[in-house]
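Here is the structure we will look at.
What follows is calculated from the coordinates using simple rules that are stated; it is not laboratory data. Every value quoted in this text rests on a predicted model; they were computed, and no experiment measured them. Backbone-built Cβ (ideal geometry, glycine too); neighbour counts: all protein chains shown.
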Number of protein chains: 2
Amino acid sequence: MDALIRRIEQIGNPVVAGLDPMLEYIPEHVKADAFAQLGNSPEAAAAAVLTYNKALIDALADVVPAVKPQSAYYERFGWQGMRALAETIRYAKAKGLYVIMDAKRNDIGSTMSAYAAAHLGTVDVNGTVYTPFGADALTVNGYLGSDCVLPCLETGKDIFVLCKTSNPSSGELQDLQREGVPLYAAMGDWCERWGANSIGAYGYSNAGAVVGATYPAQLAELRKRLPHTFFLVPGYGAQGGAAADIAGAFDDNGRGAIINSSRAILCAWKTANTPPEDFALAARKEAVAMGRAINNELHTQLYTGIL
Amino acid sequence: MDALIRRIEQIGNPVVAGLDPMLEYIPEHVKADAFAQLGNSPEAAAAAVLTYNKALIDALADVVPAVKPQSAYYERFGWQGMRALAETIRYAKAKGLYVIMDAKRNDIGSTMSAYAAAHLGTVDVNGTVYTPFGADALTVNGYLGSDCVLPCLETGKDIFVLCKTSNPSSGELQDLQREGVPLYAAMGDWCERWGANSIGAYGYSNAGAVVGATYPAQLAELRKRLPHTFFLVPGYGAQGGAAADIAGAFDDNGRGAIINSSRAILCAWKTANTPPEDFALAARKEAVAMGRAINNELHTQLYTGIL
């Protein structure tokens, strides 16, 4: 997790931009070009997505440490979408961004090794080695236990295991308690175990956790419970989380979490009365403003002794 | 779930063939052709996979009711692998097979809707509707609760929710008990709730469950507990489950489950001293033999009153 934390420190912004390209988020002129060239096809949709993503990445690469493409929004455009996903990741990495593949993969050991190779590692084809997707981190659903986590960690890359997710129904299973310990905390305890052999320079391991901004009490509780587990925090902005809600995700040094925003950044051009041509600039301004709001909140809470 | 059950009855074989194409499972002559044409590239690997899958589908289509491609083994070959996956599904459906996409997807509601569209539904691109992958069923990890299940059921297709998985570490979280009810049973109870509005002609709903053959006691326990939940049972064969182990998955009518086998069918040509050219015939024989072993076991247990 050191590479991510170092980039957060350098840029001074604990925000990851989620790249979840719904077609309605993409300005008309970008889509019109793609449809004119390729018809109303998945190829055209994927081309529009890639053009949009590249412009966003250009505008964001020096103000956020990381991007997080959400696999579903690419799978939705079939293999053509997956090609745009692979090209998005390659482009983002070339610009120095840390890339979190948000795919929430999970399976038994042998199959999980295939997912790990696909998203974090390399694959050998008849003696030639290549990198299918090449992300720096993968989100993982830990319901299957160690078998679905360790193959990812063996690549030396990072993972984020779902603990307490941001959605309204997350409590149906994640809040079930055994001897006073909810399932999400038991999952968090496993993250500490899974990460024990990979604790880096900042005290955090390669086995991070996903904890939603929409549950601020659990976020603060888990921060205290899991000292070596870095948090990926979704749910900020469109899902309802605010700067005050995520302060508890950070440690006394102001580290320990990266906060995701997708819609607020991607659609900033729609809400800010921006000309559509300036969509990437609007995204940049929103990412900077969000980082400032979080940093202000952290500073205030540190200063007043709440943290 | 009616379409699947009807096909099982027609064919008389409760076996689904898992299509998990590792390159080492594919006979040399199939790979050699692909590498000669396309070099040592992901395109070549994907082409070899597709040729292999089509031959298997041709040989299996009248002896098994369903096939289950495992997404990881296609993602491993990047977008080229995903193209082979889409073409495999299209080919299998054209041959009348029911297709279970084993991708264990899961996410919050809006993102889950994108996965449901990708794998079970359709997508609109500027007024033109197309089908990205087009499976009949999707495996789903239910850790996020209803939000990650209902968007799939809204398509009218089937799902299989992970309850008790076949891998060695499945108990780490799935066996945690709350007031005597293990998590896997609580997940099963949710399957009954999620499926309540889609119970079909055979008494089973569109919300099935994944329960591993490697845990026969839990399999029999869940069959009794979840009367409307159809089971997808992995772990037979290579993972250690035998015919006697899965008898408990079936109801008094000999219905209620479909048993997956991947490696034993895919690699039958390696174990049966078959010429590599006859790999598909060997797979067919293995699928028939497996169905016969299961049907014999069910018949014996029904006859002796164990069931």
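Taking the label point 7 Å along Cα→Cβ, A:Arg225 and its counterparts in the other copies are spaced 2.3 nm apart, in ascending order. Mind checking which of B:Tyr73, B:Tyr130, B:Tyr91 has the largest fluctuation in a GNM of chain B, springs on alpha carbons under 10 Å? Checking each option, the largest mean-square fluctuation is seen for B:Tyr130.
Averaged across the residues of A:178-185, what count of C-beta atoms belonging to other chains lies within 10 Å of each residue's C-beta? Provide the component values of the computation, followed by the final result.
Values: counts 6, 3, 0, 1, 1, 6, 1, 0.
Average per residue, whole number: 2.
For the range A:12-30, the residues whose backbone nitrogen is under 17 Å from a point 7 Å from the Cα of A:Arg292, taken along Cα to Cβ, are A:12-15. Peptide A:250-256 has a mean of 0 when you count, residue by residue, the C-beta atoms of other protein chains within 10 Å of its C-beta.
Magnitude of the charge dipole for the protein assembly as shown, about its Cα centre and with charges confined to Cβ atoms of Lys, Arg (+1) and Asp, Glu (-1), is about 160 debye. Between this copy and the others, label points of B:Glu9 are 6.7 nm apart in ascending order, each placed 7 angstrom from Cα in the Cβ direction.
When the square roots of the Cα gyration tensor eigenvalues are ordered a ≥ b ≥ c, the ratio a/c for the range A:200-304 is 1.5 or more and a/b exceeds b/c, which makes its shape prolate. This ranking places A:Glu75, A:Glu24 by how few other beta-carbon atoms lie within 10 Å of each, fewest first, which gives A:Glu24, A:Glu75. Within a straight-line Cα-Cα reach of under 30 Å, A:Lys93 can be paired with the following lysines, leaving aside sequence neighbours fewer than 8 residues apart in one chain: A:Lys31, A:Lys54, A:Lys68, A:Lys104, A:Lys157, A:Lys164, A:Lys270, A:Lys285, B:Lys104.
What is the Cα centroid distance between the range A:173-199 and the range B:192-246, reported in whole angstrom? Cα centroid to Cα centroid, the span is 27 Å.
Sort the range A:1-114 into rounded, prolate or oblate with this rule: let a ≥ b ≥ c be the square roots of the eigenvalues of the Cα gyration tensor; rounded if a/c is under 1.5, and if a/c is not under 1.5, prolate when a/b is larger than b/c, oblate otherwise. Oblate, since a/c reaches 1.5 and b/c is not below a/b. With its label point put 7 Å out from Cα toward Cβ, B:Thr51 sits 3.8 nm from the same residue's point in the other copies, in order from shortest.
Provide the percentage of antiparallel DSSP beta bridges, counting only those with both residues in chain A; round to the nearest 5. In chain A, DSSP labels about 15 percent of beta bridges as antiparallel. Within the listed set B:Pro275, B:Pro182, B:Pro227, the residue fluctuating most in the Gaussian network model of chain B (springs between alpha-carbon atoms under 10 angstrom) is B:Pro275. The fraction of Cα-Cα pairs per 10 angstrom bin, counted from 0 for the protein assembly as shown, comes to 3, 17, 28, 26, 17, 7, 2, 0 percent, rounded to whole percents. In whole percents, the pair-distance distribution calculated for the range A:2-303 from its alpha-carbon pairs, binned every 20 Å from zero, is 34, 58, 8, 0.
Taking A:Leu173, A:Leu56, A:Leu97 in turn, the Gaussian network model of chain A (Cα-Cα springs below 10 Å) assigns the largest fluctuation to A:Leu173. I'd like to know which of A:Ala282, A:Cys191, A:Ser261 lies farthest towards the positive end of the charge dipole of the range A:2-303, counting +1 on Cβ of Lys and Arg and -1 on Cβ of Asp and Glu. Farthest towards the positive end: A:Ala282.
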